1. For the chain, compute the orientation-averaged projected area of the C-alpha convex hull (one quarter of its surface), in nm².
2. Multiply the residue gap between LEU660 and VAL222 by 0.36 nm, knock off their C-alpha separation, and tell me the result in nm, one decimal place.
3. Relative to the longest principal axis of the chain, what angle (0 to 90°, nearest 10) does the C-alpha long axis of helix 22-33 take?
4. Contour minus end-to-end for ASN593 and ALA53, with contour as 0.36 nm per residue of separation and end-to-end as the Cα-Cα distance?
5. Pick out, from LEU15, ALA36, SER50, the residue whose Cα sits farthest towards the positive end of the charge dipole of region 1-93, with +1 on the Cβ of Lys and Arg and -1 on the Cβ of Asp and Glu.
6. So for the chain, taking the charge dipole from beta-carbon charges (+1 Lys/Arg, -1 Asp/Glu), which of PHE285, GLY425, MET554 sits furthest toward the positive end?
7. Quick check: from the Cα gyration tensor, does region 593-687 come out rounded (a/c under 1.5), prolate or oblate?
8. Suppose every K and R has +1 on its Cβ and every D and E has -1 on its Cβ; what is the size of the dipole of the chain about the Cα centre, in Debye to the nearest 20?
Amino acid sequence: MSWFRPKSYSGKKVLITGGSTGIGFALAKELVLRGAQVTLVARTKTRIDSAVAELKSIAAKDNLGTSHIKGFAADVCDASQIVDALKYAGAVDVLICSAGAACPGYFLEQNMDEFESTMNLNYFGTLKVIRAALPDMVERRQGEIVLVSSAAAVVGVAGYSSYAPTKAAVRSLADTLRNELLPSGVRVMVAYPPDTDTPGYAKENLSKPAVCHEISRAAGDVLYTPEQVAQSMLRGMERGAYHLPSPDFGQNLMIAASAGLSPHMFPAVLECLLAPVVVVALWVFGHKVDGSLRRLACPMVSKRGLCRHNTKRAQALDRSLIASAATASKEVTNGIPRLVEAGSEIDANGVQRLPLRREGWNFWDFEGNKVHYIQAGTSGSPVVFLHGFGASAYHWRYNIPVLAEKHRVFAMDLLGMGWSDKPTGEDIYQVWPRQIAAFIKEVVGGEPVVLVGNSLGGYNCLNASVTTPDLVRGVALLNSAGRFEEVKAEVEAQVEAALPDDEASQDLKQTLRQTAGLEPEERKTSNGRASISQVSTEEQPTLIARMTEALKSMAVRGSIYASFFLAKQPKRIRQVLEQVYISQQNVDEDLVNSVLWPSEHPNAAESFYQIISGKGTPVNVLLSKLDKPVLLLWGADDPWIGPGSAARIERLYPRAQKVLLNGVGHCPQDDAPERVNTELMRWLETV
Ligand SMILES: NC(=O)C1=CN([C@@H]2O[C@H](COP(=O)(O)OP(=O)(O)OC[C@H]3O[C@@H](n4cnc5c(N)ncnc54)[C@H](OP(=O)(O)O)[C@@H]3O)[C@@H](O)[C@H]2O)C=CC1
Ligand SMILES: CCCCCCCCCCCCCCCC(=O)[C@@H](N)CO
């Protein structure tokens with residue numbers, strides 16, 4: 001071991017998989033500062049490009065060369081893409097395998113798919129890259145390989161059953177490779193990061209079951225920065241360590257204590273001295289974790305008379321454990337991929353409804369984004385529920401169990417809201433119709449559905465029915481939102497009504513439309529938000545005008561962000577809900593939490609901004625293209641989108657059936673669920 005002469009990475013060619021974000025990117029920054037020639041590999045080109053640009057600016061600031069900093073888009077699960085990446089990078093001196101992910105959940109609640117894909121990415125994605133890069137290293141009798149395992153490999157954190165074993169496999173691979181390559185001159189290292197504040201960590205938090213949080217809490221709830229983790233790792237790499245240290249001293253001791261025959265992290269003398277302390281500390285910590293797990297599972301234990309505590313959280317956990325165990329056993333017997341079917345509970349008034357689950361129900365991948373949905377019912381025609389602004393699939397808590405008796409029922413979280421991902425690239429109003437169509441095809445199975453939407457969800461139902469009419473049988477709109485260009489549309493209707501629908505009248509209609517300023521009707525925008533700037537590009541704006549525009553949009557974004565941070569307080573959420581609900585008792589803690597929890601996502605503010613500032617095709621334009629049975633199920637006492645809006649839709653789409661619900665507010669499905677269920681079921685029979 002060269003304790004006194006740290007290894008230098010200056011001029012070394014380093015390839016980092018998963019180098020575009022998180023720990024991989026932090027390592028890249030450290031290595032660039034040490035003069036290394038870094039190539040990043042990840043799947044998403046745009047993120048690679050911005051990472052490379054940032055690395056170059058870091059290097060430039062230190063007067064280091066930037067021409068050897070580059071990136072290549074490749075999937076580590078695909079052997080041929082790996083070969084291409086290695087060809088692009090050239091002979092690699094240091095290979096760091098950081099691409100990986102975790103998708104926590106209860107063992108019985110996860111799909112087989114999640115176990116397989118996580119093993120595929122974390123273990124085989126590491127193994128395949130090493131296999132491709134190694135022959136050249138062996139031939140040159142030099143090279144370094146860093147595998148990224150996790151502290152979870154050693155602790156078996158509850159809730160990580162699809163993840164921890166993949167990291168244990170990575171560790172074991174490192175051990176065997178280290179031994180096998182000992183005579184070859186190729187050096188192997190392995191790292192065990194603690195919980196680290198990365199995009200990957202934010203994502204896994206969305207599906208983390210209560211137990212995981214419980215263990216983090218027992219471990220002191222420390223979240224390290226990727227920079228801290230990368231600096232520790234590099235210190236270990238520089239001094240020639242095999243087990244690379246993490247910034248968490250306790251976890252390092254634990255890794256050291258479980259290191260078997262491999263060279264330990266601490267000098268043997270130090271370990272001998274610390275051993276008694278470590279043994280006791282591990283024992284204490286183990287008991288602490290077991291204790292919190294037992295407390296969580298308490299209501300189950302209580303049935304056998306062992307319980308002392310009975311917290312609300314424990315009850316919620318218990319419900320979902322029991323429900324999932326029941327469905328899991330059903331699914332395992334018929335051998336089909338498992339789905340978490342929504343089970344129901346009974347509310348204070350004796351009405352059936354879904355329990356709220358911190359970790360959500362099912363997740364499905366749409367264009368690389370995680371989409372959350374709830375599913376119930378095994379037969380009957382499919383119905384898809386779409387929630388409104390700030391809400392989630394949970395907003396259909398009273399409707400799903402009832403409709404599931406006669407239908408296959410689905411409720412999905414629109415991207416940007418609920419438990420679904422919050423992407424920040426493309427205009428969200430363009431993404432939603434694609435998301436809905438893909439959901440119907442991939443999750444529902446392609447059979448056309450009836451869409452039921454509330455508020456912004458209603459708008460999305462309309463939009464999807466027009467963009468992919470083949471996938472939709474009918475639309476129920478509950479106090480649906482969306483802007484109108486009504487004046488124009490009404491003139492248009494008058495033009496249509498005034499003249500007969502024959503060849504001869506067409507030219508005259510055209511002229512009338514032009515005089516009324518109706519032609520061209522739609523501005524072609526590739527992205528709804530572009531419409532303002534697009535107009536100004538046509539007019540060749542002055543520099544001042546452009547700057548004012550930029551400042552204005554910054555100010556708007558700033559104030560919307562600020563209002564988001566104010567709005568996401570539980571008290572505020574409750575206030576707003578109480579404003580728009582008539583049945584105040586339905587504004588309960590679960591409902592508030594279902595709005596609050598998703599707002600804790602790091603991208604939530606940006607999503608909020610994009611949804612508020614985005615536009616999308618006006619409702620009247622959508623209605624003019626619509627050809628489906630429509631039910632307008634309208635809370636008549638909605639202070640936001642009152643019965644006037646239903647009347648407008650009726651005027652533009654006379655085929656619509658309208659049912660006004662007196663004494664009902666903006667969210668009829670949750671405000672007066674029984675009436676909504678009855679009306680919906682009745683209408684569904686006729687569609
Ligand atoms: N953060 C944490 O708390 C901990 C993380 N770890 C481990 O550290 C490593 C890095 O984690 P973290 O920084 O949080 O991860 P991030 O999710 O922040 O970054 C993951 C990186 O891997 C890339 N990646 C993901 N899938 C693939 C793929 N199939 N092919 C190529 N690249 C891929 C991502 O880019 P793209 O999506 O564009 O492909 C991104 O660059 C992982 O192995 C993780 O398991 C270990 C312990 C704790
Ligand atoms: C001397 C005794 C002290 C013992 C301390 C033990 C603490 C154990 C805590 C385990 C935490 C596991 C984090 C894994 C993070 C991870 O891999 C995911 N975040 C993946 O992204």
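1. Details: hull surface 146.9 nm².
Across all orientations, the chain yields a mean hull projection of 36.7 nm².
2. Here the segment from LEU660 to VAL222 would lengthen by 152.4 nm.
3. Relative to the chain, helix 22-33 is tipped by roughly 50 degrees.
4. Stretched out fully, the ASN593 to ALA53 stretch lengthens by 190.4 nm.
5. Toward the positive end, the furthest listed residue is ALA36.
6. After comparing all options, I get PHE285.
7. Taking the square roots of the gyration eigenvalues as a ≥ b ≥ c, region 593-687 is oblate.
8. Values: 71 positive and 73 negative charges, 442 e Å.
Dipole of the chain, to the nearest 20 debye: 2120 debye.
Taken together, the values in this text are just the output of simple stated rules run on the coordinates, not laboratory data. Here the structure is a predicted model, which is why all the values come from computation and not from measurement. Note that each Cβ is placed from the backbone with ideal geometry, even for glycine, and that neighbours are counted across all protein chains shown.
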